[in-house]
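> Shown below is the structure under consideration.
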Amino acid sequence: MPELSERRGAIVGRGIFFLLLLGAGGLCAGQQEDHASHSMADMEMSAPAPVLPSPHANSGTGWQPASVPEAAWMIFHHDWELMAHGVVFVTFNHQGGPRGAGKAESVNFLMLMEQHRLGSGTLLFREMFSAESLTSPHPGFPELFQTGETYHGEPLVDHQHPHNVFAELALLYTVPIHERVSWLFYGGPSAEPALGPVAYIHRQSGSENPAAPLGHHWQDSTHTSFGVLTTGFVVDRFKIEGSAFNGREPNEERWSIQLNSLDSWSFRASAAPTRNWTAQYSYGRLIHPEELEPGDQRRQTASVEYNRRLSGGRLGEGNWATSVVWGRVQKEYESFPLNSYLLESTLNFRRRNYGYSRLELVDKDELFPDAPAHPAYRVGAYTFGGVRDLVQNSGWQVGLGADVTVYTKPGILDEIYGSNPVSFHVFLRARPGIGEHRP
């Protein structure tokens, strides 16, 4: 079986390399087009079709609906388009039950983007930074039933790890090679492979919720991977891409970049049928992702994202964003897969008001790492919250919010977690104002 897995990995790796060669060939062919073709490509790049998804505010090469509002600061300087995007939550976090805790903390990140024409294509540099290693130092953010990564050689349980200082350092180069076909190349020392939905910290449907989903490590934990190369094609409203990457989870040294061999792989197929909808399916094989667990993992994800602008009626001006996400992990040393299901939604109404929810069911097998056996328990977490913007202008959005989370779990866990634990957050949220959205 290991030899078969190695052969499959080699086949997929050659396939990704072949995609890269095809893209390079397409680039050369595109450069041989006449001046009229270049002019048409220039027009398409300067005024992208409204049905195509927007890359703003994302990590990696994931697609969000084009109608997602753009909370960012943008300027143009010497043919460069410069953008800054991010958020700061200053929070009191209370997790209920015997294994809960209370903590003042801050979830935060800053993303910088610099975009410029290069030849017939567009070059985008992207950097994302987080100070969470200072604002919520180890073991991180208290969160009941959360698992994943390590601290002081021990697995993290009932805590979400802080993000790395260098959460993304990457470039994305896209080149039109036909009227409705383009080639993309993406990568960097800290980047996101083509695996999973848009990461939860960038999804519009979760933009008001300071907590990570319990299914984060089944769905989008690779959004910070130390070493990624991705290539693929966009054909009209569809995209197919493949990645070679370092699948190991970051360690507790949150300020370092931990490069390793690109021995893991993934592919993703995405669609954007209209401005308001996107969907993706992805599959990946991760080589020894967890430091304290033996073996490799296979991961599958599927997701659908919907976004709609509100322009009037009873709800007034605003926006409604919803995501449905499924993630499955098959660990090499376990005979059963672990599934996660998520439904999250955020409604912005009458401009200054937000209501949000996140409903999850997740199979957790890491709650008791010292136990001789690791059975999986299906846990549900149901969050409901709201935010009111106190400041809202083109420069800033500053809001006061709160949420509450209740849980379902097997009765065998009552003695450890309590029969009905309840958790809540109270927070102040600050981010850039909503600029004019480009079509």
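> Determine the gain in length on full extension of the stretch VAL90-ALA402; use 0.36 nm per residue of separation and subtract their C-alpha separation, reporting nm with one decimal.
Using 0.36 nm per residue and subtracting the Cα-Cα distance, I get 111.2 nm.
> Per the Kirkwood formula on distinct C-alpha pairs, the Rh of the stretch 351-391 is how many angstrom?
13.1
> Right, next: Quick one: P(r) of the stretch 326-400 from all Cα-Cα pairs, 5 Å bins, percents rounded to integers, in order of increasing distance.
Pair shares across the bins are 3, 13, 16, 15, 11, 9, 9, 9, 8, 5, 2, 0.
> Pop out the carbon and sulfur fraction of the accessible area of the chain as a percent, whole number, probe 1.4 Å.
Answer for the chain: carbon and sulfur cover 64 percent of the accessible area.
> Looking at the stretch 326-371, which chymotrypsin sites (Phe, Trp or Tyr not before Pro) are DSSP coil and have at most 16 other C-beta atoms within 10 Å of their C-beta?
TYR333
> Let me ask something else about it. Could you work out the local net charge near ARG275, counting Lys and Arg as +1, Asp and Glu as -1, over the other residues with Cβ closer than 11 Å to its Cβ?
Every neighbour counted, the sum reads +3.
> Once each part is reduced to its C-alpha centroid, what is the distance from the stretch 328-344 to the stretch 201-269 in angstrom?
The distance from the Cα centre of the stretch 328-344 to that of the stretch 201-269 comes to 17 Å.
> Additional query: So how do SER345, SER136 rank on accessible area, 1.4 Å probe, biggest first, that is with the largest at the start?
In descending accessible area the options line up as SER345, SER136.
> Next up: Between beta-carbons, use under 14 Å as the cut-off and find the net charge around PRO189, counting Lys and Arg +1, Asp and Glu -1.
Result for the neighbourhood of PRO189: -1.
> Another question about this same structure. When only DSSP loop residues count, what GluC sites (Glu not before Pro) in the stretch 228-277 have their Cβ near at most 14 other Cβ atoms within 10 Å?
GLU253
> Enumerate the lysines that LYS409 could reach by cross-link, defined here as Cα to Cα under 19 Å, with residues fewer than 8 away along the same chain left out.
LYS409 reaches LYS364.
> I've got another one for you. Could you work out, for the stretch 305-439, what percent of all Cα-Cα pairs fall into each 10 Å distance bin, beginning at 0 Å and stopping at the bin that holds the largest distance?
10, 30, 28, 19, 11, 2
> If you wrap a convex hull around the Cα atoms of the stretch 299-365, how much volume per residue is inside, in Å³?
Per-residue hull volume (Cα only) is 81 Å³.
> Continuing with the same structure: Over all directions, how big on average is the projection of the convex hull of the alpha-carbon atoms in the chain, in square nanometres?
Approximately 21.0 nm², given one-decimal rounding.
> Then there is this: Once you list every other residue whose beta carbon is under 14 Å from the beta carbon of LYS103, what net charge do they have if Lys and Arg are +1 and Asp and Glu are -1?
Residues close to LYS103 contribute a combined charge of -3.
> Quick one: accessible area per residue over the chain, 1.4 Å probe, rounded to a whole number of Å²?
That works out to 43 Å² per residue.
> Continuing with this model, one more query. In Å, what is the Rg of the alpha-carbon atoms in the stretch 128-179, and how long is Dmax?
Cα-based Rg and Dmax for the stretch 128-179 come out at 16.9, 53 Å.
> Using helices alone, I'd like the mean residue ellipticity at 222 nm for the chain: each DSSP H run of four-plus residues gives -39500 (n - 2.57), total over residue count, nearest 500.
-3500 deg cm²/dmol
> Quick check for me: using +1 on Lys/Arg Cβ and -1 on Asp/Glu Cβ, what's the dipole size of the chain about its Cα centre, in debye to the nearest 20?
1300
The values are calculated or read from the model by the stated rules, or taken from the named source; none is laboratory data. Note that the coordinates shown come from a computational prediction; the quantities given were computed from them, not determined experimentally. Note: ideal-geometry Cβ built from the backbone for every residue, glycine included; neighbour counts use all protein chains shown. Side chains included, ligands, DNA and RNA excluded: accessible areas come from the protein's heavy atoms. Shrake-Rupley method; radii C 1.70, N 1.55, O 1.52, S 1.80 Å.
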